[in-house]
1. For the range 289-331, name all the residues that are surrounded by 24 or more Cβ atoms within 10 Å (Cβ to Cβ), over 29 Å from LYS467 (Cα atoms) and among the small types (Gly, Ala, Ser).
2. Under 7 Å by Cβ, and 6 or more places apart or on different chains, what pairs join a residue from the range 459-487 that is assigned by the TED database to the domain that holds VAL160 and within 17 Å of ALA130 (Cβ to Cβ) with one that is polar (S, T, N, Q) and within 14 Å of the ligand (Cβ to nearest atom)?
3. Which of the following residues is modelled with pLDDT of 95 or more, more than 30 Å from LEU230 (Cα to Cα) and within 16 Å of the ligand (Cβ to nearest atom): VAL291, VAL307?
4. When you scan the range 181-288 for strands (runs of 3 or more DSSP E) that lie fully inside it, which ones turn up with 1 or more residues that are more than 21 Å from the chain's Cα centre (by Cα) and either surrounded by 24 or more Cβ atoms within 10 Å (Cβ to Cβ) or of a type outside the set (A, V, I, L, M, F, W, C) (or both)?
5. Which condition number does THR220 fail, the rest of (1) closer than 20 Å to THR484 by Cα; (2) among the polar types (S, T, N, Q); (3) within 14 Å of the ligand (Cβ to nearest atom) being met?
6. What number of residues within the range 1-30 satisfy the criterion of being without any contact (Cβ under 8 Å) to a residue 40 or more places away in the chain and surrounded by 15 or more Cβ atoms within 10 Å (Cβ to Cβ)?
7. Is it true that some residue in the range 115-136 is over 24 Å from PRO462 (Cβ atoms) and either hydrophobic (A, V, I, L, M, F, W, C) or assigned by the TED database to the domain that holds GLY223 (or both)?
8. For the range 147-166, indicate whether the set of residues that are more than 18 Å from VAL62 (Cβ to Cβ), out of contact with any Lys or Arg (no Cβ under 7 Å at 6 or more places or on another chain), more than 16 Å from the ligand (Cβ to nearest atom) and assigned to a helix (DSSP H, G or I) is non-empty.
Amino acid sequence: MKFLNLERHAPVIKQPYQGRMLIDGELCISQQGKITERKSPAHDVIVGIYPDACREDALRAVDAARKAFDQGTWSSRSGSERADLLIRVAEGIANRIEEMALIESLETGKPLTQARSEVSGCVDLWKYAAALARTLHGESYNNLGNSTLGIVVRQPIGVVAMITPWNFPIWILSQKLPFALAAGCTAVIKPSELTNGTTLILGEILLEAGLPQGVVNIVTGLGPTVGEPLINHPDIDMVSFTGSTRVGRHIAAEAGRSLKKVSLELGGKNPQIIFPDCNWEAAVDAVVFGVYFNAGECCNSGSRILVHADIAERFTQAVIDRSKQVPVGDPLHPDVKVGAITSETQLNIIETAIKNAKAEGATIRFGGERIPTTAGMYFQPTIITNVEPSMSIAHEEVFGPVLSILNFSTIEEAITIANQTSYGLSAAVWSKDIDICLRAAKGIHAGTIWINNFLEGFPELPFGGFKASGIGRELGLNAVEDYTEQKTIQLHIGERTHWWLTQS
Ligand code: NAD
C-alpha cells in the first residue's frame, strides 16, 4: 500500500476556528456558555471550537425562524430579489473557498483537494438555486368550462429544520438551504456535532450577504439535545434530514406524529455491475474511485461490485493491483486520495463489519486493518471476496473504504442480487451493449443509475433514494417546489347557477 505523510507533526492550522451560532440575526454563543472542541481525525489536534448548544438555544432558533416567516420579511420578496441574495452568498462562498476547504478537510479527514472541489461545487448549487428562484411558478387551468378559471399557486411551506451529517457537511447543506430560501422559507439548521465549521462560516456569509434577521438560524450541538426539539416542534413545518437510516426512521416516526412533511436522504449499498465487454480500464478505475472516494464515507459509495463469472478473478486482481497504488495518508498532502476516518465510532463500525464478514465465511483479499500511526485514525483500503448475497457485508452499509465482490452469470441474476438489500440509492452498469445497460437500468431499484460511469452529479438532476435510502428527491428542476405548498384558487366567471335550481 502507498502511504504519504502518515507521521505529520507540523501545525495544520494557525489557530482553531472559533465559530459562533446564528440565531435571530446575531452570531452568538450558547445560552449556558458551554463549548465543544473538534480534533482533526487525521492529526489529533484541535481545529475547531464551537458552542455546545442546549435545548433552549434550539427553541430560540425555532422562535426566530417562525417570527421571520410569519412577518413575511423574506417570503414577500420577489424571486429576483431572492435570487440576488443567493448569488451574493455564492460569491461569499467563492471568496472563502480555501478557508472553508481547510476546515472541511481538517474536521472530516478528507483530502484537502477533494474538500476544495466540494466547496467550489457549492458555489454552483447556490447559483442554480438562484436561477430556480426566478422560475418558480404555479399552473393555470382554462379547460374547466366557461365559468371557471383554475389557478394553482405555490407558497413557501414555512419553517424548515435541516439536520445534516458529517461526511459532506457544506455540500449536503447546499443541496437544501438555497432551494428552501429560493422558495421563501426560513430555516433552522443543525449540522453534525463532528463537523460544525463550514456551516458556521456559511452563517457569517449569509449575514454579510444581507439575509434578513431570523431567516436562517444555526444551532450546534448533539442530536438528542438540539436535533430532537426541532423534529417534534409545532412551529416547524418540514424536516429535511440527511444521515443514517436509523435516525431517519426515528425522524419520520416523530414527524408522523405531528404530521410534518419530511424529506430523507439516507444510506446506500450501491452496486456496480461489471460485464465482460466493459471498457476494462474505465471500469477498474471507477470501482477504485467509487469505493475509496471520501474513504468510503459516502452514501453513494460503490461498496459492492457484481462481476460476471467469466472475468471474476482477472477483474478482482486488476482492482487489487490498482488499490495498491491508491495513496492513503495526510489529507493535507496534495497527492493523497484517501484520508482519515472521521471518528473513532466509525472506525469501530468498519472493524466490526470486517470481523462479521470473516465470521460469515468471506475472504479478506486485501487490507482489512487499521493503519498503525502515532496520530490520526486511518484504515487500509480493503477488498473482500467470496461474498454471498446473504452475508451482512453484501447488504449492510459499512461507510468505510471496504469493497465487497460478488459474482453473477446472467443479467437477471445480477439485477436480483443488486436489489437484494433494503437500500436503493444508486448503481452503475458497465457494458458496451446498450441493451444490457438499459435492461439493468430499468430493473434495478435505485434513484440514480450510471451507465459506464460512476458518482458524477449535476444540480439539474434529481438525487435521492428508493426503499430505505430515503423519501423525496433533492436537486433537479423540482428542488425548490419541494419546499412549497400548493394552493388551488378557483375563479368563477359570470352568473353562478343557484343550488336549489339544479338537479344535484
Ligand atoms: P446520523 O444519522 O448519526 O446523524 C445525522 C444528523 O442527525 C447529525 O446532525 C446528528 O447529530 C443528528 N441526529 C442524531 N440523532 C438525532 C435525533 N434523535 N434527533 C435529531 N437529530 C439527530 O448520521 P451520520 O453518522 O452523521 O452520517 C452518516 C450516515 O448518513 C450514513 O448512514 C450515510 O449513508 C448517510 N448519508 C446519506 C446521504 C444521502 O444523501 N443519502 C448523504 C450523506 C450521508
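1. SER323, GLY329
2. GLU474/GLN175; LEU475/GLN175; ASP482/SER263
3. Of the residues listed, the single one that is modelled with pLDDT of 95 or more, more than 30 Å from LEU230 (Cα to Cα) and within 16 Å of the ligand (Cβ to nearest atom) is VAL291.
4. Output list reads 271-274.
5. Every condition holds for THR220 apart from (1).
6. 3
7. Within the range 115-136, one or more residues are over 24 Å from PRO462 (Cβ atoms) and either hydrophobic (A, V, I, L, M, F, W, C) or assigned by the TED database to the domain that holds GLY223 (or both).
8. Among the residues of the range 147-166, not one is more than 18 Å from VAL62 (Cβ to Cβ), out of contact with any Lys or Arg (no Cβ under 7 Å at 6 or more places or on another chain), more than 16 Å from the ligand (Cβ to nearest atom) and assigned to a helix (DSSP H, G or I), which makes the answer no.
The values are calculated or read from the model by the stated rules, or taken from the named source; none is laboratory data. These numbers come from a predicted model, not from an experiment. Heads up, the Cβs are rebuilt from the backbone with ideal geometry, glycines too, and the neighbour counts pull from every protein chain shown.
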